[in-house]
Amino acid sequence: MGADAVAICVVTGFWAIVAIVLPFILGRGPNKGVIQVMLVITGFSCWLFWLLCYMHQMNPLIGPQLHNTTVLAIQYLWDGSVTIDDFTTVAGESTTIPTLKI
Amino acid sequence: MTTMGSLFRSEEMALCQLFLQSESAYTCVSELGELGLVQFRDLNPDVNAFQRKFVNEVRRCDEMERKLRYLEREIRKDGIPVLDTGENPEAPMPREMIDLEVKFEKLENELKEVNSNAEALKRNYLELTELKHILKKTQVFFDEAMYPPNLPYDQDVYFDDDEQVNLLTDTSLHQLKHIGFVAGVILRERIPAFERMLWRACRGNVFLRQAEISEPLEDPATGEQVYKSVFIIFFQGDHLKMRVKKICEGFRATMYPCPEAPADRREMAMGVKTRLDDLNTVLSQTQDHRHRVLVSAARDIRAWMMKVWKIKSIYHTLNMFNLDVIQNGLIAECWIPVANLEDVQLALRRGTEKSGSLPAILNRLSTQESPPTFHRTNKFTKAFQTLIDSYGVANYREINPAPYTIITFPFLFAIMFGDFGHGIIMALFGAWMVWREKPLSAKKTDNEIWNIFFGGRYIILLMGVFSMYTGLIYNDVFSKAFNIFGSSWHPAFNNSVLMSKELTLDPGNKEQYDQYPYPFGLDPMWQIANNKINFYNSYKMKISIIFGVIHMLFGVILSVWNHRFFNRPMSIYCEFIPQLLFLCCLFLYLILLVFHKWTWYGAGGDPSVSPNCAPSILITFINMVLVKPYEEPGPVCSYYMFAGQFGLQRFLLIVALLCVPWMLCAKPFLLHRMHKQRTIMMQANGGEGVVEEGGGDAAAAAAVATAEEHDMGEVMIHQGIHTIEYVLGSVSHTASYLRLWALSLAHAQLSEVLWQMVLRIGLTTSGLAGGFLTYAIFAVWAFLTVAILVLMEGLSAFLHTLRLHWVEFQSKFYGGTGYAFVPFAFETILDQAENAGPEQ
């Protein structure tokens, strides 16, 4: 089960407050019933929406398929596993082309 | 849920009878109109409108309204702004009506008089102006006759006509005394025909000179500017004079007496000038007076209009009452919400106090008739209630879907519209309309589209806010993804592998996948993946079905409250329970399978739960319904997801199938038995009373029995329809919720196309030219985003969400065959009259 406890607790806790705690605090006045219903439905459906997204990605059955150029960009920009030193420059027709050292 | 005055159920209504004294009827109705909580019934439906009691008063009101509209038109013609103080004047007493009538009559007469005076003055002004022009131009003509010039030079100044015959020569001067002339003014466009006619009729023996008047003159009748020309015709003899005069009249040329002698002409010209100056002064004074009258009327005209409308509506209402001759009063029947009976009593007391007569009596009647449906809404809930009522007004006191729709509607919309950027645009638009509510609603426009948008401002605001949330979960901002928490996928490939064009990450590889997902929403890696559609499809289809089944289950459960309220325990056992079981055994089980597959199967672990062993849920479900026989597990993969699945599926299928005859037959069977027992009891009682009533009772019992037979057929048909509708509907409606997936996919793809094909062109052009290009292309991209993605897609998703609510959700519990409560309220009447006003 690939799940991260922190994320689950934070999000579930937030929507639990919206759906369970807030109706008692905000449910005042002539529109008490409507406000409570609104909060409960909001809390439940938003939490469920997040949960379904989380559970679908917990144990993925397929992985993303990427272009090698995209992979290179990600390694350089996000992961930092490729740095500028991994490139040499090769003279091209009109410009110099950075090329990966293999 | 059943508290009084709540939105969950429509209010309890009471049919009441009002006894009003004749003197106080008017004021009481006026007070009730201000209160706006009473719906009167027409007690004289067969009576012609012209034969009702208060038809004269209504006619007088119509007259007053006509006069006021005339005043309004005149005010608007002069461009005077009408002041709207927002005050709400009370309906005046009947005796004050005469004062109002007199006042309006006076104003109308004054205005009419001023207008006719102005018209006469203008006509006079026109005549004098034409005379002035004639005197000026004929001076030239006479000069020429006296001193004939060399023709070529001087003539082309005044006319360009070749048909002019010059009868005058040098030698004919002394004959001038015998030559008569006629001077006048004619419309410029009639001159050619005029000349031809003169030439033909007088056989060329007349001499016409004409000159154009350079500035246009105002026609007093129509007020438009026309161009005219001065002409003078010379002729000899009375015969020709008569002919010329007739032709001038035929062409509607106005003739003026022009003296021959130049001295006389000069005197006349000066006289005309002074008269023109005087006329100008008088005219401007008249206009000022008219303006003053209109300005003073403009201050009060709104209040007067409102008063007249109120009086008229009161008399229309009074026409619906019955006359009680015995007690010299009026009887009215009306629907009143039970919660407001006190307020109505207070209003009646106020009314009777004002007119100083006996108090009015309010009696509550009991009736078998179905009362109107009244939902007490505020400005926020009104829009959602309107959405529900558009499909069908709720039956009296049944569960109102509106309070739940407040959130489910924007939420289901947001599932289809999920884009953070577009959501921001929509939310900002809605927020602006809500923030500037008061000034925007004060501006009354005819623009239908704006009124629709403004009426739904709270809906738009909520839709935008929820779309922002679903946009964050879908991780879609104008087709780009946020990477806030760091992606869980890492393309940990070494450089040699990178030579192949396409690389796929393996979820089982701990270096490539962190083994726990992106904490909030979809991983940003998917937005740039080639196979993202695959992944998104499976995700969005699943959530569509899950939300759909939950929505429908909610609808089925709501029906329990209706059954309990209307005291129908049989419906709970014969309809609700089998419906619930059917839905849960098939579709709730489907959802549980989805959850199981999500948690049980994954990569990188036990090979029997690896991705290539994961069975398709759709195939599993289909095989369950088609009763496929048990399949032995393979060497690695098992066909089944958990132990005992085969047995469980068979069991659930049998339960679901049993629910169908349960829904179909249980209720008719029980009803039949109940009626049988009742007829037996009635026959037993009838047998005892046979001595008194003879065969009548037995015949009645027999009639009742046949009526029951007939009813049984109807009940069976009704129940059959209900069952088929539910069973087939549950399958088709579940599939119908897949539109949540379809529209979401379309929206995402459109957004991506717009980015790739439009904005990217500017972003990928380098250098200074790229900057300018981006600036221009951004305008195109922004326009297309708002027009196609926000407006068109928004409208489309709105429509689909509406359909999902109206059909898939409401068919599980809603009746929707009631009629709305339309109270007699001055507010609504004034609004309607104002909106109808400008069209008249």
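When the protein assembly as shown is described by a simple charge dipole with +1 on each Lys and Arg Cβ and -1 on each Asp and Glu Cβ, the residue from B:Ser751, B:Val282, B:Ser366 located farthest towards its positive end is B:Ser366. Counting only residues at least eight positions apart within a chain, or on another chain, the lysines with an alpha carbon under 23 Å from that of B:Lys228 are B:Lys122, B:Lys132, B:Lys136, B:Lys137, B:Lys241, B:Lys245, B:Lys246, B:Lys273. The dipole here belongs to the protein assembly as shown: it is taken about the Cα centre, uses +1 on the Cβ of Lys and Arg and -1 on the Cβ of Asp and Glu, and is about 340 debye. Between the alpha-carbon centres of the range B:410-444 and the range B:192-224 there is a gap of 66 Å.
Which one of B:Thr386, B:Phe576, B:Leu670 has its Cα pushed farthest toward the positive end of the charge dipole of chain B, where Lys and Arg give +1 and Asp and Glu give -1 at the Cβ? The Cα lying farthest towards the positive end belongs to B:Phe576. For the residues of B:469-478, the average number of beta carbons from a partner chain within 10 Å of their own beta carbon is 2. Computed from the C-beta positions of B:Arg564 and B:Thr817, the FRET efficiency with R₀ = 25 Å rounds to 0.80. Cross-link reach is defined here as a Cα-Cα straight distance under 19 Å, omitting same-chain residues fewer than 8 places apart; for B:Lys438 the aspartates and glutamates meeting it are B:Asp84, B:Glu87, B:Asp446, B:Glu448, B:Glu827, B:Asp831, B:Glu834. Entry for chain A at q = 0.12 Å⁻¹: log10 I(q)/I(0) = -0.67, Debye formula applied to identical alpha-carbon scatterers, no solvent contribution. Mean per-residue shielding of peptide A:72-78 is 4, counting Cβ atoms of other chains within 10 Å of each Cβ. Measuring between their Cα centroids, the range B:613-642 and the range B:495-554 lie 24 Å from each other.
Only aspartates and glutamates eight or more places from B:Lys532 in sequence, or on another chain, were considered; those with a Cα closer than 20 Å are B:Asp419, B:Asp476, B:Glu502, B:Asp506, B:Asp514, B:Asp523, B:Glu752. Net charge dipole, the range B:709-810: roughly 800 debye, given to the nearest 20, about the Cα centre with Cβ charges of +1 for Lys and Arg and -1 for Asp and Glu. For the chain pair B and A, the buried solvent-accessible surface (1.4 Å probe, both sides summed) amounts to about 5300 Å². Counting only protein heavy atoms and using a 1.4 Å probe, the accessible area of B:Asp711 comes to about 70 Å². Taking the average, over residues, of other Cβ atoms within 10 Å as the packing measure, peptides A:64-75, B:280-291 rank A:64-75, B:280-291 from highest down. Label chain B by shape, choosing from rounded, prolate and oblate, from the square roots a ≥ b ≥ c of the eigenvalues of the Cα gyration tensor; if a/c is under 1.5 it is rounded, and otherwise prolate applies when a/b is larger than b/c, oblate when it is not. Oblate, because a/c is 1.5 or more while a/b does not exceed b/c. Extension gain for the segment B:Asp446 to B:Val140, taken as residue separation times 0.36 nm less the Cα-Cα distance, is 104.3 nm to one decimal. Estimated purely from DSSP H runs of n ≥ 4, each contributing -39500 (n - 2.57), the mean residue ellipticity at 222 nm for the protein assembly as shown is -19000 deg cm²/dmol once divided by its residues. Label the range A:5-58 by shape, choosing from rounded, prolate and oblate, from the square roots a ≥ b ≥ c of the eigenvalues of the Cα gyration tensor; if a/c is under 1.5 it is rounded, and otherwise prolate applies when a/b is larger than b/c, oblate when it is not. It comes out oblate by the Cα gyration axes. Subtracting the Cα-Cα distance of B:Leu657 and B:Leu283 from their residue separation scaled by 0.36 nm leaves 125.3 nm. Per residue, the range A:5-58 exposes an accessible area of 48 Å² to a 1.4 Å probe, with every protein chain left in place. All other residues whose Cβ lies under 10 angstrom from that of B:Lys310 are scored, Lys and Arg at +1 and Asp and Glu at -1, for a net of 0. Between B:Ile484 and B:Glu119, the simple label model (points 7 Å from Cα in the Cβ direction) yields a spacing of 7.4 nm. For the pair B:Glu224 and B:Glu511, label points projected 7 Å from Cα toward Cβ lie 8.9 nm apart.
Inter-chain Cβ neighbour count for B:489-502, averaged per residue, equals 5 (cutoff 10 Å, partner chain atoms only). When the range B:429-579 is described by a simple charge dipole with +1 on each Lys and Arg Cβ and -1 on each Asp and Glu Cβ, the residue from B:Trp435, B:Ala481, B:Val497 located farthest towards its positive end is B:Trp435.
Which of the three applies to the protein assembly as shown, rounded, prolate or oblate, going by the alpha-carbon gyration tensor with a ≥ b ≥ c and a/c under 1.5 meaning rounded? In terms of gyration-tensor shape, oblate. If you sort B:Arg292, B:Arg52, B:Arg196 by accessible surface, 1.4 Å probe, largest first, the order is B:Arg292, B:Arg196, B:Arg52.
The values are calculated or read from the model by the stated rules, or taken from the named source; none is laboratory data. Keep in mind the model is a prediction, meaning the values are calculated, not measured. Neighbour counts are summed over all protein chains in view; Cβ atoms, including those assigned to glycine, are modelled from backbone coordinates with ideal geometry. Ligands, DNA and RNA are stripped out before the accessible areas are found, and what is left, the full protein with its side chains, is counted by its heavy atoms. Shrake-Rupley method; radii C 1.70, N 1.55, O 1.52, S 1.80 Å.
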